[in-house]
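Contents: one structure, followed by commentary.
The values are calculated or read from the model by the stated rules, or taken from the named source; none is laboratory data. From a predicted model like this one, the values you see are computed outputs, not experimental measurements. All Cβ positions, even for glycine, are placed from backbone atoms using ideal geometry, and neighbour counts span all protein chains on display. Heavy atoms of the whole protein, side chains included, go into the accessibility calculation; ligands, DNA and RNA do not. Shrake-Rupley method; radii C 1.70, N 1.55, O 1.52, S 1.80 Å.
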Amino acid sequence: MERTPTTIVRLLSTLGAAIVVGFGTAALAWWRLGPVTRSTVWAEDGGIFLRDRVALGPVDALLHPYAGYLHLVPRLLVDLAWAQPVEDYAHVLSAGACLVVGALAAVVFVLARDVVPSWPLRVLLAVVPALVPLAPYEISGNVANLHWYMLFAAPWLFSYRARSWWGSGVVAVLTVFVVLTELQAVLFLPMLLLAWLPLRDASGARAWPRAVPVTVVALAGGAAQVVAALTDERTARPGSPAVADVVAGWLLQPFAAVWDPDVVAVVRTVLADGWAVVVVPAVLLALVVVAALVVGPWRARWTVFALVAASGGVWWAALLANGGAAQPWAHPVAALEAVGPQRYAAASGLLLLAGVVVASSVLIGWRERPRPSRGRPRDGSVASGRSRVRSGPGGAVRLVGAVAGWCVVTVVVAALVVHAAPGATRRSDGPVWAAQIPAAVAACDGDASRVVEVRTAPWTAQVPCAKLLGR
């Protein structure tokens, strides 16, 4: 494709905007963690990932399966953090996780342009991962949960219609990191069909996108994940939740937590006032989603459907795969007030919010759509090649749709802003990693062959004294 000065300026402006969005999203994610949370090592970051890095080395550990799937990006970040001074391990992992979220936000901001043409709405879509209310509680700022953010980016990478081979190559490289980090990305593989839909160039002629690289990479990476899932042993006990409990749990956790992250208060309200407090908002939101599915262009329809369906699918799959996560959600009792936010709820809510933003964008931008004219006009004049046709009811109905879309966007922004401040997380009480290093060094007693324990949340890390002593 020929690079005209206008095209170059447009590319540079898009790149600049993406960089701003990316670093802004990363900064938001970092700020929301709070000083103690971002200084504490979480779960696998100090457990299996660190143990595999020490035992297998920086190369063999990268594609070593754990719990049924591959974790490429988390293991790369553990490699990076382990190469730094040991007292900086927690901060490097937290910063690295936030920067990855920022990079994914920048990617979505760029790739979503064809589906969400309004740049303010694309900015909102891109920053949702950093602002989703439940994110800091468990999934934000650690590499063990980065796979949820990869899932957020997967449908945009799979469905993007690249206009050049270099653009296709960049998307394919990014897809490698996504599919080799998140097994559930295979749920979005049907979105690859959208990447093959023809484009229209500046003259209106049909052009085929460069979809081969991303298709090959996505299918190969998905196959690798499926093989890992079938051959690697999982320690979690599978569950068999009732459909009613799955739906009720989705309403009480992922859906309700989008507006109020205090899921205990939500259960308490349902017990006191009945299910209407969550069912009525869910029905209203469903009407907006259904309206977008009816009036939107094909790419937007499938994107909305995929994101909203994946929100429920992720929640359901988590309850199926982890028997201990199931609860009698459909028949809430006072004991449910002791059940805190589930990490699956944060991921499900993230996908739901993304779908809602796209649906709102469809209604806000609902216009008459052009289609090619067929044949010559009856009056003998020369056809223009394109004509306007109504894509739906009249202007009054489109106005109602736009108002509904803006109302949803306003509520989403308000909910995200109100709950944006740092709050309680599963790492709010530490233990702070760096504060333990002097005692760990002393426990080595100068013997580089020993291994000492450094506390993490909620486990402990086995740290070689050779690393602590700098040898």
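Ignoring ligands, DNA and RNA, please state the percent of accessible area on the range 114-173 from carbon and sulfur, probe 1.4 Å. Provide the component values of the computation, followed by the final result.
Values: 1060 of 1500 Å².
That fraction is 71 percent.
A cysteine counts as unpartnered when no other cysteine's C-beta lies under 4.7 Å of its own; in the chain this applies to Cys98, Cys407.
Starting from the residue with the highest accessible area, list His419, His71, His91 in decreasing order, probe 1.4 Å. Don't jump to the answer; show the numbers that get you there.
Values: His419 50, His71 5, His91 80 Å².
Sorted by accessible area, descending: His91, His419, His71.
For the peptides 20-28, 266-274, the ranking by mean Cβ contacts within 10 Å, running from highest to lowest, is 20-28, 266-274. Taken one residue at a time, the phi angles of the range 43-51 give Karplus couplings (6.51, -1.76, 1.60, θ = phi - 60°) of 6, 4, 4, x, x, 4, 5, 5, 4 Hz. Gly and Pro are set to x. Split the accessible area of the range 1-58 by element, probe 1.4 Å, and carbon with sulfur accounts for 71%.
Taking a ≥ b ≥ c as the square roots of the eigenvalues of the alpha carbon gyration tensor, the range 185-303 is oblate, as a/c is not under 1.5 and a/b does not beat b/c.
Grab the beta carbon distance between Val227 and Ala439, set R0 = 41 Å, and tell me the FRET efficiency rounded to 0.05. Please report the intermediate quantities before stating the final value.
On the way: r = 43 Å, r/R0 = 1.05.
So the FRET efficiency works out to roughly 0.45.
How do Leu104, Leu125 stack up against each other in accessible area, from largest to smallest, with a 1.4 angstrom probe? Could you put the intermediate results ahead of the total?
Values: Leu104 20, Leu125 0 Å².
Greatest to least solvent exposure: Leu104, Leu125.
Placing +1 on each Lys and Arg Cβ and -1 on each Asp and Glu Cβ, with no other charges, gives the chain a dipole about its Cα centre of roughly 2400 debye. Quick one: if the Förster radius is 45 Å, what FRET efficiency do Ala286 and Asp60 give, using the C-beta to C-beta distance and rounding to 0.05? Approximately 0.40, to the nearest 0.05. Normalised per residue, the accessible area of the range 399-448 is 52 Å², obtained with a 1.4 Å probe and no contribution from ligands, DNA or RNA. Solvent exposure of the range 190-242, expressed per residue, is 62 Å² of accessible area, with all protein chains present and a 1.4 angstrom probe. Please work out which option in (1) 200; (2) 142; (3) 162 gives volume of the Cα convex hull per residue in Å³ calculated from these coordinates, and answer with its label. Structure-derived value, by its label: (3).
Measuring nothing but protein heavy atoms, the accessible surface of the range 192-242 at 1.4 Å probe radius is 65 percent carbon and sulfur. For the listed peptides 326-338, 304-316, a ranking on the average number of other beta carbons within 10 Å per residue, highest first, reads 304-316, 326-338.
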